[in-house]
Amino acid sequence: MTAGRVRVNGHVVSELGSKVDPRTDVVEVDGVRCCLAASHTYLMLYKPRGYLTTMSDPQGRPCVAQLVPLSRHPGLFPVGRLDEDTTGLLLFTTDGDLAQGLLHPSFHVEKRYVALVRGILTHAQLKALRTGVDLGDGISAPAEASLLGVDDPTGKPVAPEGVPYGHCIVSLTIHEGKKHQVKRMLSAVGHPVVYLHRDRFGPLRLTGVVAGSWRYLEEGEVEALCHAAQDAASARLQASSALGGK
């Protein structure tokens, strides 16, 4: 609004907090008319490498906003983020309450990553990931960690031509959201990440899309997301109660 990109009934309105009547006023952003949707929008994007998880970039770098139908759904925003060089499932929605429930600071829904790393993890290193490793700003929460076989199809996104000699593929499921967390966890046990991919976000699995494309969520997937947000809230409440009882 302060940049003069919003018009109401053809006139620029730049004052924050300005009010409109959606029944009679015509609101446009960058020349695109905005209408109140009858319901929220939910879609998944298969984020390719080289895109920032942001809606705009002052340096003009590629952003995920270029890959989703913003003109059709102007209020879309990404739930969480993936690094520029990380591929995989990125949820978009116009539902702020659901997003907050899925990504509460104290407890996120589970997210599964597959990573091609240098070296071969030992049983002791996998155990360390499962119990928590020192990230420098605290100990990570326990994660589900396992090695994937060379023929496991879920490892194809990070090693489409096969696993290079002296490398392995790790599956890591976490429910925290610290910056670069998966890369930091694997580096902490001595295995830097070469490629990273996310194939699951809560109950959602990356299906029905190819890199750079998106699809609307099915009704059952939206319902599962809502249940996951409720379960995460319950887990936060239980953890809070446990701490309060000590």
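In the set LEU82, LEU45, LEU98, LEU103, which member is in contact with a Pro (Cβ under 9 Å, 6 or more places away or on another chain) and in contact (Cβ under 8 Å) with a residue 24 or more places away in the chain? Checking each option against the conditions leaves just LEU45.
All conditions but one from (1) surrounded by fewer than 20 Cβ atoms within 10 Å (Cβ to Cβ); (2) under 21 Å from THR53 (Cα atoms) apply to HIS123; the one that does not is (2).
Just so you know, in the stretch 127-142 the residues that are assigned to a helix (DSSP H, G or I) and touching a residue at least 40 places away in the same chain (Cβ under 8 Å) include one that is surrounded by the fewest Cβ atoms within 10 Å (Cβ to Cβ), and it is ALA128. Picking from residues in the stretch 176-193 that are closer than 22 Å to LEU147 by Cβ and loosely packed, with under 14 Cβ neighbours inside 10 Å, the one that is farthest from the chain's Cα centre (by Cα) is GLY190. Checking each residue in the stretch 49-76 for being surrounded by fewer than 17 Cβ atoms within 10 Å (Cβ to Cβ), in contact with a helix residue (DSSP H, G or I) (Cβ under 8 Å, 6 or more places away or on another chain) and not polar (S, T, N, Q) picks out only MET55.
Under the condition of being aliphatic (A, V, I, L, M) and under 22 Å from ASP85 (Cβ atoms), which residue from the stretch 148-175 is nearest to the chain's Cα centre (by Cα)?
Taking the stretch 148-175 first, the residues aliphatic (A, V, I, L, M) are 148, 150, 158-159, 163, 169-170, 172, 174.
Of the ones still in play, those that are also under 22 Å from ASP85 (Cβ atoms) are 148, 158-159, 163, 169-170, 172, 174.
On the way: LEU148: 22, VAL158: 18, ALA159: 21, VAL163: 26, ILE169: 21, VAL170: 19, LEU172: 15, ILE174: 12 Å.
Ranking the qualifying residues of the stretch 148-175, first place goes to ILE174.
Being among the aliphatic types (A, V, I, L, M) and either outside any strand (DSSP E or B) or touching a Lys or Arg at 6+ places or on another chain (Cβ under 8 Å) (or both): is that true of LEU82 here? When the stated conditions are applied, LEU82 passes them. Restricting attention to the stretch 187-235, the residues being of a type in the set (A, V, I, L, M) and farther than 19 Å from GLY80 by Cβ number 4. Return the residues of the stretch 97-126 that are more than 14 Å from the chain's Cα centre (by Cα), assigned to a helix (DSSP H, G or I) and modelled with pLDDT under 95; say none if nothing qualifies. If the condition is that a residue be more than 14 Å from the chain's Cα centre (by Cα), assigned to a helix (DSSP H, G or I) and modelled with pLDDT under 95, then ASP97 is the only one that fits. Entry remark, the stretch 41-96: residues being of a type in the set (A, V, I, L, M, F, W, C) and within 11 Å of the chain's Cα centre (by Cα) number 9 in total. Test LEU76 against the criterion of being in contact with a strand residue (DSSP E or B) (Cβ under 6 Å, 6 or more places away or on another chain) and at pLDDT 95 or above, and give yes or no. No, not satisfied. Taking PHE201, is it at pLDDT below 95 and among the aromatic types (Phe, Trp, Tyr)? No. Could you go through the stretch 176-185 and let me know if any residue there is in contact with a Lys or Arg (Cβ under 8 Å, 6 or more places away or on another chain), of a type outside the set (S, T, N, Q), in a loop (DSSP other than H, G, I, E, B) and within 19 Å of ARG112 (Cβ to Cβ). Yes, the stretch 176-185 contains a residue that is in contact with a Lys or Arg (Cβ under 8 Å, 6 or more places away or on another chain), of a type outside the set (S, T, N, Q), in a loop (DSSP other than H, G, I, E, B) and within 19 Å of ARG112 (Cβ to Cβ). I need the full set of residues from the stretch 194-213 which are in contact (Cβ under 8 Å) with a residue 40 or more places away in the chain and either polar (S, T, N, Q) or crowded, with 18+ Cβ neighbours inside 10 Å (or both), in order please. Passing the criteria: TYR195, LEU196, HIS197, ARG198, ASP199, ARG200, PHE201, GLY202, LEU204, LEU206, SER213.
The values are calculated or read from the model by the stated rules, or taken from the named source; none is laboratory data. Not measured: the values here are computed from a predicted model. Cβ atoms come from the backbone with ideal geometry, glycine included; neighbour counts cover every protein chain shown.
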